[in-house]
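Below is one structure, written out as structure tokens; the observations come after it.
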Amino acid sequence: MLIVLSRFLYRHLVFLIFLCLTVFWIVWGLGFTERAFQTSKDKYDAILVDFEKKLEREDPLAASKLAKFREDQQINKLALATHLVRTESERGMRGITDMLSKQESLQGDSIYELAVLATSPDKQNSSEMKEKFLMAQASVVELLLKSENTALAQDYISRLNAAANDPETWAKVYDDAFGLIVLDRIQNPELQQYYLQERDSEWLEESMLSFVDRYGTNDDTLENSSTILSDQKLELLTSFLECAKQHHPEFKKAVVELNLGVDVFPLFEQFGHVIDDCSKKYHIPLQETLDVVFANQDFVGEQLEQEGHERVAASLHLIRSEKPSTWKEAQSSVMVLRMNHDVPNLANQICEKFPGQDIPAFVYAAYEDEAIVAATAIAQYGDLAIYVLFRYSELERFHKLLSDPSVGVRAVVYIARFSDSGIDQLEENRAWLDKYFQPDGTPIEKEWWTSFPGGELANVARNWATGVPNEWGELGWAALDSAEGVLFVMSFGTSTMVTKPLSQTAKLAIKKQAKKQLLKNGKKVVAKQRNKSMLRQVSEMAAQPLKIAKTKVGTWVAKLAIVKTGQSVARQSLAAGKQILDTWKKVPVSTRRIVYRSLLAVGLVATLVHRTLPNLDKVVQAVVDYPANLVKEGFQSLANQISSAIDLANASHSNFGIFLRWFLYVVILAVLFFLAVITFPREGKLRYVR
């Protein structure tokens, strides 16, 4: 019984083993044969040997060097074959000879190392991944090589290899050249994640490159713009990313939706929490908040330091709700909020009576120490006060009279009536004031202006009394040009480190600008309306009026600079990238974005990584030409060249390799099937079983 049972089990067990092996081979056998051929060290030897033979006839030394590379066990033979095929197709055998003559090692050859990454199964697990990789990374290497400095491209390749050694990083940047630089240089995981979160919307890459190109300079000329230390530029870029993340989405809205560009960075860097509170808590339109903060940043900075962002935002909300004229004027004129703080009962009246005339700027430029008295005089006497205040703004004797509590605002109208002699009279005896004016400045005589001796002052007084608007030429003061107003806005100081009193530079800037406007337009418009705020006009200026500097408390602020525009790599990279997105309509969006990021990456490498860039003009021209070349018939980019070379290298042995793989697969399958058939259990004694 035991013998019969053992024979039964034996016959079934043998059959089951061969049956399982047959099924296993049917499913996975072809993969085994493919891997067996792929791991063969001599797989691409035939291609390399063919090149050696060709080289022996032209340059035996080059042939010897190629043989040395082929025998090196560390060399990726498929990558080397790809490199040779690509070089021959582009420059012929002479190109291969030149290439081999210039290098003793393939390490450092950017194109070879690109081919290594493109042909590594653990880096490119599909043909689609390989194509994306080449499109992204080969584009950067191709443009950097235009500098004719191989170290430039090799530096980029070293960063690419470092990313390839980290599977998690590689998955994020293999098809994102710009992201490679960002993740390589910025180590903060939260900032890295923010970049990855926002990169598909395209705004962040463009903004980062524009920002570091615009502000990453210590010089007023483009030619020397790369002399700023790389770590300073990196610090700038990191601060920009931190600011964008911390104040998301308001920062993004300002840059993208409001189209204000990267110049809003200093505002968010200093006043971001105020801006966020105004937008999120009080629902104030973002454009209005930015306009007010920009034009009044000296005062907002002081208040922020003293009271904190919550109270500052609450006060801005209150002004907007209760003093609409003040709020509207504050969007396009400087010093309005300071006047509102100093004379809260008069500021809205002045702004309503003189919209768009920059009266607060005039008051604080000429009468900072007597601002309350000057503002009161303007509120009470209008154009007449402006005339007198402007005419005597540089006379110290007049300032002393205004600051005397027993004189105050009455000095303005007294001197309006008696001109220069009035100053002499008041210095001798203040009692003259009581003869003509009450303590609050109200004239005792009715129609007192009719007693003026005549001339320009009499005309101003008459016009003021009868409600006729005076011309700027009569008053001596003109509203400031809002686009050029940034000059004195920045002179006031954009950080809390620079507060009252105003510098002489700021005061002179205001007066100078007013006189300039006076010459341009002598007519005073009663309700002058500005179509664009100061911030909007500054953001649209073709020149670059600002530069970035760091305060003692570690905050980035904008300062004055006159930077010449020019053909920087970053600027041309941005233009070329936009051209790719806008004109390459027949190409899928995902593909356009890959090339777009690659072009921006070239600009970032040139601007951020390297202090100097040799042959800058050649790189710039290559970037400019790249979009047109990509769609030009017959043009082969480096990405296409490497991809085609890989295919050719594989095709040179593929027919025979495929035959061998299938032959081995079929033979082993036939043997296993035969063994399974003959071991199938049958009734009776089998011949192969004793």
Ignoring ligands, DNA and RNA, what accessible area per residue does the stretch 118-186 give at 1.4 Å, in Å²?
37
From the P(r) of the stretch 74-196, can you give the percent of Cα pairs sitting at distances over 22 Å?
36
Could you tell me the calculated FRET efficiency between E394 and N259, based on Cβ-Cβ distance and R0 = 60 angstrom, to the nearest 0.05?
0.90
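Pop the C-beta distance of R311 and S126 into the FRET formula with R0 = 51 Å and round what comes out to the nearest 0.05. Present the calculation step by step, with values, prior to reporting the outcome.
Details: r = 58 Å, r/R0 = 1.13.
Result of the calculation: an efficiency of 0.35.
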Name the GluC sites (Glu not before Pro) in the stretch 75-167 that are in a loop by DSSP and that have at most 15 other C-beta atoms within 10 Å, would you?
E104, E148
Using +1 on the beta carbon of Lys and Arg, -1 on that of Asp and Glu, and nothing else charged, what's the dipole of the stretch 38-143 about the Cα centre, debye to 20?
80
Between the alpha carbon centres of the stretch 60-139 and the stretch 379-394 the gap in Å comes to 80
Heavy atoms of the protein only, probe of 1.4 Å, neighbouring chains included. What is the accessible area of M99 in Å², nearest 10?
20
Give, rounded to the nearest 20 debye, the magnitude of the charge dipole that the stretch 312-440 has about its Cα centre when Lys and Arg contribute +1 at Cβ and Asp and Glu contribute -1 at Cβ.
380
Sites A431 and E190 - FRET efficiency at Förster radius 51 Å, r taken between beta-carbons, to 0.05:
0.10
Consider all pairwise Cα distances in the stretch 276-378 and report the whole-number % of them above 15 Å.
58
Taking all protein chains together and a probe of 1.4 Å, list D200, D617 from the most accessible to the least accessible.
D617, D200
Sorted by chain and then number, the residues having a modelled amide H within less than 5 Å of the amide H of F437, at least 5 places away or on another chain, are I444
Equivalent-ellipsoid semi-axes of the stretch 62-120, from the Cα gyration tensor, Å, largest first:
16, 14, 10
Note down the relative contact order for the stretch 71-194 as a percent, whole number, built from C-alpha pairs under 8 angstrom at least six residues apart.
19
So, for the stretch 335-407, what is the accessible surface per residue at a probe of 1.4 Å, expressed in square angstrom?
33
Along the three principal axes, how long is the stretch 13-118 when you take its alpha carbons, biggest first, rounded to the nearest angstrom?
65, 26, 24
For the stretch 235-312: accessible area per residue (Å², 1.4 Å)
35
Kindly identify the stretch 333-389 as rounded, prolate or oblate by the Cα gyration tensor criterion: order the square roots of the eigenvalues as a ≥ b ≥ c, call it rounded if a/c is under 1.5, otherwise compare a/b with b/c, prolate if a/b is larger, else oblate.
rounded
Within the stretch 250-405, what whole-number % of the accessible surface is contributed by carbon and sulfur, with the 1.4 Å probe and all protein chains included in the calculation?
48
I need two numbers for the stretch 221-332: Rg to one decimal and Dmax as a whole number, Cα atoms only, in Å.
15.6, 51
Rounded accessible area of M135 (nearest 10 Å², 1.4 Å probe):
50
For the stretch 56-201, with all protein chains present and a 1.4 Å probe, just round the carbon and sulfur fraction of the accessible area to a whole percent.
45
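The values are calculated or read from the model by the stated rules, or taken from the named source; none is laboratory data. All values derive from a computational prediction rather than experimental measurement. When we count neighbours, we look across all protein chains shown, and the Cβ atoms used for this are built from the backbone with ideal geometry, even at glycine. The area values use the complete protein model at the heavy-atom level, side chains included, leaving out ligands, DNA and RNA. Shrake-Rupley method; radii C 1.70, N 1.55, O 1.52, S 1.80 Å.
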